[in-house]
Amino acid sequence: MNESELLSRLRDGDDDAYSTIFREHYPGIVVSAVRLLGERALAEEIAQDVMLELWRRRESLMLTGPVRAYLHSAARNRALNWLRQARTAQRGEVFVKGPSASPASDSGVITGELESAVAQALSALSEPQREVFEMSRTRGLTYSEIAELLGISVKSVEARMGRALKQMREHLAPWLPEGGGW
(Lines give C-alpha, C1' and ligand atoms only; values in the text may rest on other atoms or scores of the structure.)
Protein backbone atom coordinates (compact mmCIF):
# COMPACT_ATOMS: atom_id res chain seq x y z
CA MET A 1 0.00 0.00 0.00
CA ASN A 2 1.41 3.41 -0.92
CA GLU A 3 1.60 6.37 1.41
CA SER A 4 -1.36 8.30 -0.03
CA GLU A 5 -3.62 5.25 0.40
CA LEU A 6 -2.34 4.81 3.93
CA LEU A 7 -3.06 8.46 4.75
CA SER A 8 -6.51 8.22 3.22
CA ARG A 9 -7.30 5.19 5.37
CA LEU A 10 -5.88 6.98 8.41
CA ARG A 11 -8.17 9.98 7.78
CA ASP A 12 -11.09 7.54 7.71
CA GLY A 13 -10.11 6.27 11.17
CA ASP A 14 -8.57 2.95 10.09
CA ASP A 15 -6.69 1.52 13.09
CA ASP A 16 -4.60 -0.75 10.87
CA ALA A 17 -3.34 2.22 8.85
CA TYR A 18 -2.41 4.03 12.06
CA SER A 19 -0.65 0.91 13.38
CA THR A 20 1.32 0.61 10.15
CA ILE A 21 2.43 4.24 10.32
CA PHE A 22 3.24 3.88 14.02
CA ARG A 23 5.36 0.73 13.56
CA GLU A 24 7.17 2.20 10.57
CA HIS A 25 8.01 5.64 11.99
CA TYR A 26 8.02 5.45 15.79
CA PRO A 27 11.57 3.99 16.19
CA GLY A 28 13.08 6.65 13.92
CA ILE A 29 11.28 9.44 15.75
CA VAL A 30 12.64 8.16 19.07
CA VAL A 31 16.19 8.06 17.68
CA SER A 32 15.88 11.64 16.36
CA ALA A 33 14.51 12.88 19.68
CA VAL A 34 17.25 11.11 21.64
CA ARG A 35 19.84 12.97 19.56
CA LEU A 36 18.30 16.30 20.59
CA LEU A 37 17.43 15.49 24.19
CA GLY A 38 20.06 12.95 25.17
CA GLU A 39 17.50 10.99 27.20
CA ARG A 40 15.66 7.94 25.87
CA ALA A 41 12.64 8.02 28.21
CA LEU A 42 11.92 11.64 27.37
CA ALA A 43 12.45 10.97 23.66
CA GLU A 44 9.94 8.10 23.82
CA GLU A 45 7.43 10.36 25.55
CA ILE A 46 7.81 12.96 22.82
CA ALA A 47 7.49 10.32 20.09
CA GLN A 48 4.32 9.01 21.75
CA ASP A 49 2.91 12.54 21.93
CA VAL A 50 3.62 13.06 18.23
CA MET A 51 1.97 9.80 17.27
CA LEU A 52 -1.04 10.52 19.49
CA GLU A 53 -1.39 13.95 17.89
CA LEU A 54 -1.28 12.31 14.46
CA TRP A 55 -4.27 10.20 15.46
CA ARG A 56 -6.13 13.16 16.97
CA ARG A 57 -5.65 15.30 13.87
CA ARG A 58 -6.07 12.52 11.33
CA GLU A 59 -9.31 13.86 9.84
CA SER A 60 -7.93 17.33 9.13
CA LEU A 61 -4.39 16.25 8.23
CA MET A 62 -3.27 17.69 4.90
CA LEU A 63 0.37 16.83 4.31
CA THR A 64 2.39 18.49 1.57
CA GLY A 65 5.25 16.02 1.91
CA PRO A 66 6.03 12.57 3.22
CA VAL A 67 4.60 11.37 6.54
CA ARG A 68 8.13 10.73 7.77
CA ALA A 69 9.11 14.38 7.28
CA TYR A 70 5.96 15.59 9.04
CA LEU A 71 6.46 13.28 12.04
CA HIS A 72 10.16 14.05 12.42
CA SER A 73 9.49 17.77 12.16
CA ALA A 74 6.75 17.53 14.80
CA ALA A 75 9.06 15.55 17.11
CA ARG A 76 11.90 18.01 16.57
CA ASN A 77 9.62 20.95 17.39
CA ARG A 78 8.33 19.28 20.55
CA ALA A 79 11.85 18.39 21.66
CA LEU A 80 13.08 21.94 21.07
CA ASN A 81 10.06 23.33 22.95
CA TRP A 82 10.86 21.01 25.85
CA LEU A 83 14.50 22.13 25.86
CA ARG A 84 13.43 25.79 25.73
CA GLN A 85 11.04 25.31 28.66
CA ALA A 86 13.66 23.41 30.64
CA ARG A 87 16.16 26.20 30.06
CA THR A 88 13.59 28.79 31.20
CA ALA A 89 12.80 26.75 34.31
CA GLN A 90 16.50 26.36 35.06
CA ARG A 91 17.02 30.13 34.83
CA GLY A 92 14.06 30.58 37.16
CA GLU A 93 15.62 28.30 39.79
CA VAL A 94 18.08 31.06 40.57
CA PHE A 95 15.19 33.17 41.80
CA VAL A 96 13.50 30.38 43.72
CA LYS A 97 16.69 29.32 45.47
CA GLY A 98 17.69 32.89 46.26
CA PRO A 99 21.20 34.30 46.20
CA SER A 100 23.85 31.63 46.59
CA ALA A 101 25.86 33.76 49.01
CA SER A 102 23.05 33.99 51.59
CA PRO A 103 23.05 31.61 54.57
CA ALA A 104 20.88 28.50 54.38
CA SER A 105 18.50 29.86 57.03
CA ASP A 106 17.80 32.95 54.87
CA SER A 107 17.16 30.75 51.85
CA GLY A 108 13.84 29.48 53.23
CA VAL A 109 12.68 33.01 53.98
CA ILE A 110 13.67 34.25 50.53
CA THR A 111 11.96 31.29 48.86
CA GLY A 112 8.79 31.91 50.84
CA GLU A 113 8.79 35.61 49.98
CA LEU A 114 9.37 34.87 46.31
CA GLU A 115 6.60 32.25 46.22
CA SER A 116 4.26 34.76 47.81
CA ALA A 117 5.25 37.44 45.29
CA VAL A 118 4.69 35.04 42.39
CA ALA A 119 1.27 34.05 43.76
CA GLN A 120 0.32 37.73 44.07
CA ALA A 121 1.56 38.45 40.55
CA LEU A 122 -0.47 35.52 39.18
CA SER A 123 -3.61 36.61 41.01
CA ALA A 124 -3.20 40.11 39.55
CA LEU A 125 -3.48 38.72 36.00
CA SER A 126 -6.83 38.71 34.23
CA GLU A 127 -8.48 35.29 34.00
CA PRO A 128 -7.66 34.83 30.27
CA GLN A 129 -4.03 35.85 30.84
CA ARG A 130 -3.66 33.61 33.90
CA GLU A 131 -5.22 30.68 32.05
CA VAL A 132 -2.83 30.98 29.09
CA PHE A 133 0.17 31.60 31.38
CA GLU A 134 -0.53 28.52 33.51
CA MET A 135 -1.22 26.30 30.50
CA SER A 136 2.11 27.34 29.01
CA ARG A 137 4.34 27.51 32.06
CA THR A 138 2.78 24.94 34.38
CA ARG A 139 1.40 22.34 31.97
CA GLY A 140 4.09 22.91 29.30
CA LEU A 141 1.66 23.27 26.40
CA THR A 142 2.69 25.00 23.18
CA TYR A 143 0.86 28.09 21.97
CA SER A 144 -0.84 26.09 19.21
CA GLU A 145 -2.00 23.46 21.73
CA ILE A 146 -3.37 26.20 24.00
CA ALA A 147 -5.13 27.87 21.07
CA GLU A 148 -6.75 24.58 20.10
CA LEU A 149 -7.88 23.83 23.66
CA LEU A 150 -9.32 27.32 24.20
CA GLY A 151 -10.76 27.67 20.70
CA ILE A 152 -8.85 30.87 19.98
CA SER A 153 -6.14 31.84 17.51
CA VAL A 154 -2.44 31.40 18.19
CA LYS A 155 -2.11 35.20 17.85
CA SER A 156 -4.61 35.61 20.72
CA VAL A 157 -2.57 33.21 22.84
CA GLU A 158 0.60 35.16 22.01
CA ALA A 159 -1.07 38.46 22.89
CA ARG A 160 -2.40 37.17 26.21
CA MET A 161 0.95 35.63 27.09
CA GLY A 162 2.78 38.83 26.15
CA ARG A 163 0.54 40.90 28.42
CA ALA A 164 0.82 38.31 31.21
CA LEU A 165 4.62 38.28 31.03
CA LYS A 166 4.77 42.08 30.98
CA GLN A 167 2.60 42.28 34.11
CA MET A 168 4.57 39.52 35.81
CA ARG A 169 7.85 41.33 35.05
CA GLU A 170 6.48 44.57 36.46
CA HIS A 171 5.11 42.89 39.58
CA LEU A 172 8.25 40.83 40.19
CA ALA A 173 10.76 43.57 39.25
CA PRO A 174 12.31 43.62 42.76
CA TRP A 175 13.12 39.91 42.41
CA LEU A 176 14.51 40.01 38.89
CA PRO A 177 18.10 40.81 37.95
CA GLU A 178 18.82 44.08 36.20
CA GLY A 179 17.16 44.04 32.80
CA GLY A 180 14.19 41.99 34.09
CA GLY A 181 15.07 38.94 31.98
CA TRP A 182 12.03 36.73 32.43
All positions within the stretch 115-152 that are among the hydroxyl-bearing types (S, T, Y), in a helix (DSSP H, G or I) and modelled with pLDDT of 85 or more: S123, S136, Y143, S144
Would you point out which residue out of S32, S4 is of a type outside the set (A, V, I, L, M), part of a helix (DSSP H, G or I) and surrounded by 14 or more Cβ atoms within 10 Å (Cβ to Cβ)? S32
With respect to the numbered conditions (1) farther than 19 Å from E145 by Cβ; (2) modelled with pLDDT under 90; (3) in a helix (DSSP H, G or I), which one is the sole condition not fulfilled by W82? (1)
Residue check, D16 against (1) under 21 Å from T142 (Cα atoms); (2) in a helix (DSSP H, G or I); (3) free of Cβ contacts under 8 Å to residues at least 12 places away in the same chain; (4) out of contact with any Asp or Glu (no Cβ under 9 Å at 6 or more places or on another chain), all met but one. Which one? (1)
In the stretch 44-79, which residue that is in a helix (DSSP H, G or I) and small (G, A, S) is modelled with the lowest pLDDT? S60
Got at least one residue in the stretch 103-114 being of a type in the set (S, T, Y), loosely packed, with under 14 Cβ neighbours inside 10 Å and modelled with pLDDT under 75? yes
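The values are calculated or read from the model by the stated rules, or taken from the named source; none is laboratory data. Keep in mind that what you see is a predicted model, and the values were worked out from it rather than measured. As a convention, Cβ positions derive from the backbone with ideal geometry for all residues, glycine included, and neighbour counts pool all protein chains shown.
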